[in-house]
Amino acid sequence: NFLVLALSGKNVDFTHVLKKIDGMVALLGKEGKDDTSKKDYCKKEFNDAASKAKDLKSKISELSASIKEKHASIEKIAEEIKSINEGVRSLDESMTQATQNRKAESAAYLELVQQDSAAVELLGAAKNRLHQFYNPKLFKATTTPSPYDPYALVQVSLHRQQTDTVKVGAPPATAGAYKKSSAASNGVLSMIATMISDLEKEMAVAKADEKNSQKEYESTVADAKEKRAADLKDAESKAAAKADLEGDLSDDQQTKGMKEKEQKAAAEFTENLHKECDWLLKNFDLRAQAREEEVDNLKQAKAVLAGADFSLVQAAPARRLRGH
(Lines give C-alpha, C1' and ligand atoms only; values in the text may rest on other atoms or scores of the structure.)
Protein backbone atom coordinates (compact mmCIF):
# COMPACT_ATOMS: atom_id res chain seq x y z
CA ASN A 1 0.00 0.00 0.00
CA PHE A 2 2.88 2.31 0.85
CA LEU A 3 4.43 1.71 -2.56
CA VAL A 4 1.10 2.23 -4.31
CA LEU A 5 0.62 5.52 -2.57
CA ALA A 6 4.17 6.55 -3.36
CA LEU A 7 3.75 5.76 -7.05
CA SER A 8 0.47 7.63 -7.20
CA GLY A 9 2.30 10.77 -6.19
CA LYS A 10 0.77 11.07 -2.79
CA ASN A 11 2.96 11.94 0.13
CA VAL A 12 3.30 9.15 2.71
CA ASP A 13 5.39 9.21 5.89
CA PHE A 14 7.73 6.14 5.86
CA THR A 15 9.52 7.08 9.05
CA HIS A 16 7.89 4.30 11.06
CA VAL A 17 8.63 1.75 8.34
CA LEU A 18 12.21 2.88 8.01
CA LYS A 19 12.69 2.56 11.75
CA LYS A 20 11.30 -0.93 11.58
CA ILE A 21 13.73 -1.77 8.79
CA ASP A 22 16.64 -0.32 10.78
CA GLY A 23 15.54 -2.36 13.79
CA MET A 24 15.42 -5.53 11.72
CA VAL A 25 18.89 -4.82 10.29
CA ALA A 26 20.23 -4.22 13.79
CA LEU A 27 18.57 -7.39 15.05
CA LEU A 28 20.10 -9.38 12.22
CA GLY A 29 23.50 -7.85 13.03
CA LYS A 30 23.10 -8.78 16.69
CA GLU A 31 22.02 -12.27 15.69
CA GLY A 32 25.15 -12.60 13.54
CA LYS A 33 27.34 -11.48 16.44
CA ASP A 34 25.57 -13.94 18.77
CA ASP A 35 26.13 -16.75 16.29
CA THR A 36 29.81 -15.84 16.00
CA SER A 37 30.12 -15.63 19.78
CA LYS A 38 28.33 -18.96 20.19
CA LYS A 39 30.51 -20.50 17.47
CA ASP A 40 33.67 -19.32 19.20
CA TYR A 41 32.32 -20.59 22.52
CA CYS A 42 31.48 -24.00 21.06
CA LYS A 43 34.86 -24.39 19.40
CA LYS A 44 36.64 -23.38 22.59
CA GLU A 45 34.56 -25.76 24.70
CA PHE A 46 35.08 -28.62 22.24
CA ASN A 47 38.83 -27.99 22.26
CA ASP A 48 38.92 -27.77 26.06
CA ALA A 49 36.76 -30.88 26.38
CA ALA A 50 38.98 -32.81 23.94
CA SER A 51 42.12 -31.69 25.81
CA LYS A 52 40.60 -32.62 29.15
CA ALA A 53 39.43 -35.98 27.85
CA LYS A 54 42.93 -36.66 26.51
CA ASP A 55 44.53 -35.68 29.84
CA LEU A 56 42.06 -37.81 31.82
CA LYS A 57 42.61 -40.79 29.53
CA SER A 58 46.38 -40.43 29.90
CA LYS A 59 46.16 -40.04 33.68
CA ILE A 60 43.83 -43.04 34.04
CA SER A 61 46.18 -45.09 31.87
CA GLU A 62 49.14 -44.08 34.05
CA LEU A 63 47.23 -44.93 37.21
CA SER A 64 46.16 -48.30 35.79
CA ALA A 65 49.80 -49.13 34.97
CA SER A 66 50.89 -47.95 38.43
CA ILE A 67 48.19 -50.04 40.12
CA LYS A 68 49.18 -53.11 38.09
CA GLU A 69 52.85 -52.57 38.94
CA LYS A 70 52.13 -52.10 42.65
CA HIS A 71 49.96 -55.24 42.71
CA ALA A 72 52.86 -57.21 41.21
CA SER A 73 55.36 -55.68 43.66
CA ILE A 74 53.12 -56.43 46.64
CA GLU A 75 52.66 -60.04 45.52
CA LYS A 76 56.42 -60.41 45.01
CA ILE A 77 57.24 -58.99 48.45
CA ALA A 78 54.57 -61.20 50.03
CA GLU A 79 56.22 -64.25 48.44
CA GLU A 80 59.63 -63.09 49.65
CA ILE A 81 58.33 -62.65 53.21
CA LYS A 82 56.70 -66.08 53.04
CA SER A 83 59.98 -67.60 51.82
CA ILE A 84 61.94 -65.90 54.61
CA ASN A 85 59.51 -67.10 57.28
CA GLU A 86 59.63 -70.63 55.88
CA GLY A 87 63.43 -70.42 55.95
CA VAL A 88 63.35 -69.30 59.59
CA ARG A 89 61.05 -72.19 60.50
CA SER A 90 63.32 -74.62 58.64
CA LEU A 91 66.34 -73.14 60.41
CA ASP A 92 64.64 -73.53 63.79
CA GLU A 93 63.78 -77.14 62.99
CA SER A 94 67.33 -77.89 61.88
CA MET A 95 68.74 -76.33 65.06
CA THR A 96 66.31 -78.34 67.17
CA GLN A 97 67.51 -81.48 65.40
CA ALA A 98 71.15 -80.39 65.77
CA THR A 99 70.61 -79.87 69.52
CA GLN A 100 69.05 -83.30 69.87
CA ASN A 101 71.94 -84.84 67.92
CA ARG A 102 74.47 -82.99 70.05
CA LYS A 103 72.83 -84.24 73.24
CA ALA A 104 72.82 -87.79 71.88
CA GLU A 105 76.48 -87.54 70.85
CA SER A 106 77.42 -86.08 74.25
CA ALA A 107 75.53 -88.86 76.04
CA ALA A 108 77.26 -91.47 73.85
CA TYR A 109 80.61 -89.86 74.64
CA LEU A 110 79.96 -89.90 78.38
CA GLU A 111 78.84 -93.52 78.18
CA LEU A 112 81.95 -94.49 76.24
CA VAL A 113 84.20 -92.69 78.72
CA GLN A 114 82.41 -94.36 81.62
CA GLN A 115 82.69 -97.81 80.06
CA ASP A 116 86.31 -97.37 78.94
CA SER A 117 87.28 -95.91 82.33
CA ALA A 118 85.67 -98.87 84.07
CA ALA A 119 87.51 -101.24 81.71
CA VAL A 120 90.82 -99.46 82.33
CA GLU A 121 90.27 -99.62 86.06
CA LEU A 122 89.31 -103.28 85.87
CA LEU A 123 92.33 -104.10 83.70
CA GLY A 124 94.50 -102.13 86.11
CA ALA A 125 93.15 -104.14 89.00
CA ALA A 126 93.85 -107.38 87.14
CA LYS A 127 97.33 -106.16 86.28
CA ASN A 128 97.97 -105.25 89.90
CA ARG A 129 96.80 -108.72 90.98
CA LEU A 130 99.21 -110.32 88.58
CA HIS A 131 102.02 -108.13 89.89
CA GLN A 132 101.11 -109.18 93.41
CA PHE A 133 101.74 -112.76 92.47
CA TYR A 134 104.45 -112.54 89.83
CA ASN A 135 106.13 -109.21 90.58
CA PRO A 136 105.45 -108.28 94.20
CA LYS A 137 107.73 -105.25 93.90
CA LEU A 138 105.35 -103.73 91.32
CA PHE A 139 102.26 -104.48 93.37
CA LYS A 140 100.41 -101.35 94.61
CA ALA A 141 98.56 -101.88 97.84
CA THR A 142 95.39 -99.84 98.30
CA THR A 143 92.97 -99.44 101.17
CA THR A 144 90.09 -98.42 98.85
CA PRO A 145 88.83 -101.46 97.01
CA SER A 146 87.77 -100.92 93.44
CA PRO A 147 84.13 -101.70 92.66
CA TYR A 148 85.40 -103.32 89.48
CA ASP A 149 87.81 -105.68 91.35
CA PRO A 150 86.10 -109.10 91.59
CA TYR A 151 88.39 -109.95 94.49
CA ALA A 152 87.55 -106.89 96.57
CA LEU A 153 84.71 -108.63 98.41
CA VAL A 154 87.01 -111.42 99.58
CA GLN A 155 89.86 -109.19 100.80
CA VAL A 156 88.97 -109.78 104.46
CA SER A 157 88.79 -113.53 104.01
CA LEU A 158 92.16 -113.59 102.27
CA HIS A 159 93.65 -111.43 104.98
CA ARG A 160 92.48 -113.90 107.61
CA GLN A 161 93.85 -116.82 105.68
CA GLN A 162 97.20 -115.34 104.73
CA THR A 163 98.83 -116.52 107.99
CA ASP A 164 97.48 -120.00 107.68
CA THR A 165 99.91 -122.62 106.46
CA VAL A 166 98.77 -124.48 103.45
CA LYS A 167 99.94 -128.01 103.69
CA VAL A 168 100.51 -129.68 100.43
CA GLY A 169 101.22 -133.35 100.25
CA ALA A 170 104.29 -134.69 98.59
CA PRO A 171 104.03 -134.73 94.86
CA PRO A 172 104.01 -138.00 93.01
CA ALA A 173 107.25 -139.31 91.62
CA THR A 174 106.27 -138.26 88.08
CA ALA A 175 105.44 -134.61 89.02
CA GLY A 176 108.06 -131.93 88.97
CA ALA A 177 108.50 -129.15 91.52
CA TYR A 178 106.02 -126.14 91.23
CA LYS A 179 107.43 -123.09 89.52
CA LYS A 180 105.86 -119.64 88.66
CA SER A 181 105.25 -119.12 84.93
CA SER A 182 106.99 -115.76 84.53
CA ALA A 183 107.05 -115.86 80.71
CA ALA A 184 103.35 -116.49 80.47
CA SER A 185 102.61 -113.77 82.99
CA ASN A 186 104.65 -111.27 81.02
CA GLY A 187 102.56 -112.01 77.92
CA VAL A 188 99.33 -111.48 79.84
CA LEU A 189 100.63 -108.29 81.42
CA SER A 190 101.75 -107.03 78.00
CA MET A 191 98.31 -107.77 76.58
CA ILE A 192 96.63 -105.96 79.47
CA ALA A 193 98.95 -102.97 78.99
CA THR A 194 98.09 -102.89 75.29
CA MET A 195 94.36 -103.01 76.03
CA ILE A 196 94.69 -100.24 78.60
CA SER A 197 96.66 -98.14 76.08
CA ASP A 198 94.06 -98.73 73.36
CA LEU A 199 91.25 -97.75 75.70
CA GLU A 200 93.05 -94.62 76.82
CA LYS A 201 93.72 -93.69 73.18
CA GLU A 202 90.07 -94.31 72.36
CA MET A 203 89.02 -92.03 75.22
CA ALA A 204 91.52 -89.38 74.12
CA VAL A 205 90.21 -89.46 70.56
CA ALA A 206 86.60 -89.42 71.83
CA LYS A 207 87.43 -86.47 74.09
CA ALA A 208 88.97 -84.55 71.17
CA ASP A 209 85.98 -85.42 68.96
CA GLU A 210 83.58 -84.34 71.70
CA LYS A 211 85.43 -81.06 72.11
CA ASN A 212 85.44 -80.40 68.35
CA SER A 213 81.79 -81.42 68.00
CA GLN A 214 80.77 -79.12 70.84
CA LYS A 215 82.79 -76.27 69.38
CA GLU A 216 81.28 -76.86 65.94
CA TYR A 217 77.79 -77.03 67.46
CA GLU A 218 78.27 -73.76 69.35
CA SER A 219 79.56 -72.12 66.17
CA THR A 220 76.58 -73.46 64.22
CA VAL A 221 74.19 -72.17 66.89
CA ALA A 222 75.84 -68.73 66.81
CA ASP A 223 75.67 -68.59 62.99
CA ALA A 224 72.05 -69.76 63.00
CA LYS A 225 71.14 -67.16 65.63
CA GLU A 226 72.79 -64.41 63.59
CA LYS A 227 71.12 -65.57 60.37
CA ARG A 228 67.74 -65.85 62.08
CA ALA A 229 68.00 -62.29 63.41
CA ALA A 230 69.07 -60.99 59.98
CA ASP A 231 66.24 -62.86 58.22
CA LEU A 232 63.62 -61.57 60.66
CA LYS A 233 64.94 -58.03 60.25
CA ASP A 234 64.79 -58.45 56.46
CA ALA A 235 61.23 -59.77 56.72
CA GLU A 236 60.28 -56.82 58.93
CA SER A 237 61.79 -54.37 56.43
CA LYS A 238 59.95 -56.03 53.56
CA ALA A 239 56.70 -55.97 55.55
CA ALA A 240 57.13 -52.20 56.04
CA ALA A 241 57.81 -51.74 52.31
CA LYS A 242 54.74 -53.84 51.52
CA ALA A 243 52.60 -51.70 53.84
CA ASP A 244 53.87 -48.53 52.11
CA LEU A 245 53.06 -50.00 48.70
CA GLU A 246 49.60 -50.99 49.87
CA GLY A 247 49.02 -47.42 51.05
CA ASP A 248 50.21 -46.04 47.70
CA LEU A 249 48.05 -48.59 45.91
CA SER A 250 44.99 -47.47 47.85
CA ASP A 251 45.75 -43.82 46.96
CA ASP A 252 46.13 -44.71 43.27
CA GLN A 253 42.87 -46.65 43.28
CA GLN A 254 41.01 -43.75 44.90
CA THR A 255 42.56 -41.25 42.48
CA LYS A 256 41.70 -43.47 39.52
CA GLY A 257 38.11 -43.73 40.73
CA MET A 258 37.89 -39.92 40.93
CA LYS A 259 39.43 -39.51 37.48
CA GLU A 260 36.99 -42.03 36.01
CA LYS A 261 34.11 -40.03 37.50
CA GLU A 262 35.60 -36.88 35.97
CA GLN A 263 35.92 -38.70 32.65
CA LYS A 264 32.28 -39.74 32.77
CA ALA A 265 31.20 -36.18 33.63
CA ALA A 266 33.38 -34.82 30.82
CA ALA A 267 31.82 -37.27 28.37
CA GLU A 268 28.32 -36.19 29.44
CA PHE A 269 29.35 -32.53 29.10
CA THR A 270 30.69 -33.18 25.59
CA GLU A 271 27.50 -35.01 24.66
CA ASN A 272 25.39 -32.06 25.83
CA LEU A 273 27.76 -29.69 24.04
CA HIS A 274 27.14 -31.55 20.79
CA LYS A 275 23.40 -31.18 21.32
CA GLU A 276 23.87 -27.48 21.95
CA CYS A 277 26.39 -26.67 19.24
CA ASP A 278 26.29 -29.16 16.39
CA TRP A 279 23.32 -27.55 14.56
CA LEU A 280 24.80 -24.06 14.80
CA LEU A 281 28.29 -25.13 13.68
CA LYS A 282 26.82 -27.10 10.79
CA ASN A 283 24.55 -24.23 9.59
CA PHE A 284 26.67 -21.24 10.62
CA ASP A 285 27.72 -20.28 7.08
CA LEU A 286 24.20 -20.78 5.69
CA ARG A 287 22.73 -18.62 8.45
CA ALA A 288 25.36 -15.94 7.86
CA GLN A 289 24.64 -15.94 4.11
CA ALA A 290 20.86 -15.80 4.70
CA ARG A 291 21.24 -12.87 7.08
CA GLU A 292 23.48 -11.06 4.62
CA GLU A 293 20.90 -11.47 1.86
CA GLU A 294 18.12 -10.44 4.21
CA VAL A 295 20.03 -7.32 5.26
CA ASP A 296 20.71 -6.45 1.60
CA ASN A 297 17.02 -6.77 0.78
CA LEU A 298 16.04 -4.68 3.77
CA LYS A 299 18.50 -1.98 2.76
CA GLN A 300 17.18 -2.02 -0.81
CA ALA A 301 13.62 -1.70 0.50
CA LYS A 302 14.71 1.20 2.67
CA ALA A 303 16.36 2.85 -0.32
CA VAL A 304 13.19 2.44 -2.34
CA LEU A 305 11.14 3.99 0.39
CA ALA A 306 13.66 6.82 0.65
CA GLY A 307 13.21 7.63 -3.07
CA ALA A 308 15.78 5.39 -4.65
CA ASP A 309 15.39 3.19 -7.72
CA PHE A 310 11.82 1.79 -7.68
CA SER A 311 12.83 -0.96 -10.03
CA LEU A 312 14.23 -2.73 -6.94
CA VAL A 313 10.69 -3.26 -5.69
CA GLN A 314 10.50 -6.34 -7.86
CA ALA A 315 13.66 -7.89 -6.26
CA ALA A 316 13.36 -11.50 -5.26
CA PRO A 317 12.43 -12.16 -1.62
CA ALA A 318 15.42 -12.97 0.66
CA ARG A 319 16.02 -16.47 2.00
CA ARG A 320 15.72 -16.86 5.73
CA LEU A 321 17.24 -19.39 8.09
CA ARG A 322 16.15 -18.21 11.48
CA GLY A 323 16.04 -21.30 13.55
CA HIS A 324 15.83 -25.01 13.58
With a point put 7 Å past each Cα toward its Cβ, work out how far A239 is from D251 in nm, to one decimal. 2.3
Once you place label points 7 Å from the Cα toward the Cβ at S61 and E260, how far apart are they in nm? 1.8
With a Förster radius of 25 Å, plug the Cβ-Cβ distance of D209 and Q97 into 1/(1 + (r/R0)^6) and report the FRET value to the nearest 0.05. 0.80
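Taking 0.36 nm per residue of sequence separation and subtracting the Cα-Cα distance, how much length would be gained by fully extending the chain between V188 and E218, in nm to one decimal?
Taking V188 through E218 to full extension adds about 6.4 nm, to one decimal.
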Computing the accessible area with a 1.4 Å probe over protein heavy atoms, can you report the carbon and sulfur percentage for region 185-298? 53
Contour minus Cα-Cα distance for S73 and K39 (0.36 nm per residue): 7.2 nm
Evaluate E = 1/(1 + (r/R0)^6) for S197 and R89, where r is the Cβ-Cβ distance and R0 equals 45 Å; express this FRET efficiency to the nearest 0.05. 0.40
How far is the Cα center of region 224-239 from the Cα center of region 25-86, in Å? 44
Each label sits 7 Å from Cα toward the beta-carbon; between Q114 and D22 the label points are separated, in nm, by 13.5
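The values are calculated or read from the model by the stated rules, or taken from the named source; none is laboratory data. Quick caveat, the model's predicted, so the values are computed rather than measured. Note: ideal-geometry Cβ built from the backbone for every residue, glycine included; neighbour counts use all protein chains shown. When the accessible area is computed, the model is the full protein with side chains, heavy atoms only, and any ligands, DNA or RNA have been set aside. Shrake-Rupley method; radii C 1.70, N 1.55, O 1.52, S 1.80 Å.
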